[in-house]
Structures are given as C-alpha cells and as structure tokens.
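Q: Dropping the structure in here first, questions after.
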Amino acid sequence: MLANIYLITLTAPKKMGFFLFRRRERLLTLTVQDGVAYVNFSKEFQSKHSGGTAGESMTLYSVVNSLARLQEIKQVQFLLEGQKQESILGHADTSVPIAPNWNLVAK
C-alpha cells in the first residue's frame, strides 16, 4: 500500500504540466514506526531538485499529504541516503518529522 501511494505521487502529472519528481530520484526505503513514515531517498532527491521555496513545499507536502492519508501515518520524516538532514532542499526544516498540511489539498 505505501509503495503504491508513493508511486502515484512520484509519477502523477500535475495540473500545471510538470512533475514534482523527474524519475531520477529513488526511494531507497519506506518504513513506518509509531505513526511516523520514514521516507529514505537517494541523493538525487536533493541534487536534482529544481529548487525554490514553492517547489520545495510542493515536493515535500505531496509526499507528506499523500502518505498521511493512511490512518497509521501522522507525520513523515525525510531521510537522504539514510541520514536526517537539517534542510534537504534548502528551506524547510527536515530534521524532524513533518505533519500534513491539508490547506494545500484541493477540495
């Protein structure tokens, strides 16, 4: 189930005609413990990201909000090559688990 949600998030085209993920990134592992999904990406998640605060927010929350739709997931902890990073993409704090932001979801 987790892998299916991730694959939909990874490959679904967005309304504005671009992908948040470019298929260069690899999901290394995805585990859940005590309500936190640990999403471990390859280094390309960081090095190949198109950048910007808005793009970063869309990327992070597309993963967080998608996974948090599952009852057992309350937050998402991003990892890069198995390690926590202060800010994987340069702006948002990814050193701690991120809770969903349902205000970003179209109703």
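The values are calculated or read from the model by the stated rules, or taken from the named source; none is laboratory data. Everything quoted here is computed from the prediction, not taken from an experiment. Every residue, glycine among them, receives a Cβ derived from its backbone with ideal geometry; neighbour counts consider all protein chains shown. Surface accessibility is based on the protein's heavy atoms, side chains included, excluding ligands, DNA and RNA. Shrake-Rupley method; radii C 1.70, N 1.55, O 1.52, S 1.80 Å.
Q: Mind listing just one residue for me: the one in segment 44-57 that is touching a residue at least 40 places away in the same chain (Cβ under 8 Å) and assigned to a helix (DSSP H, G or I) and, of those, most open to solvent (accessible area, probe 1.4 Å)?
A: The qualifying residue most open to solvent (accessible area, probe 1.4 Å) is GLN46.
Q: Inspect all residues belonging to segment 75-89 and state whether any of them is out of contact with any Asp or Glu (no Cβ under 6 Å at 6 or more places or on another chain) and over 16 Å from PHE41 (Cα atoms).
A: yes
Q: Of everything in segment 41-72, what is over 17 Å from ALA92 (Cβ atoms) and at pLDDT 75 or above? Give them in sequence order.
A: SER42, LYS43, GLU44, ARG69, LEU70, GLN71, GLU72
Q: For LEU70, which of the numbered conditions (1) among the hydrophobic types (A, V, I, L, M, F, W, C); (2) in a loop (DSSP other than H, G, I, E, B); (3) under 13 Å from the mean Cα position of the chain (by Cα) fails to hold?
A: So the condition that LEU70 fails would be (3).
Q: How many residues does segment 70-103 contain that are of a type in the set (D, E, K, R) and surrounded by 12 or more Cβ atoms within 10 Å (Cβ to Cβ)?
A: 4
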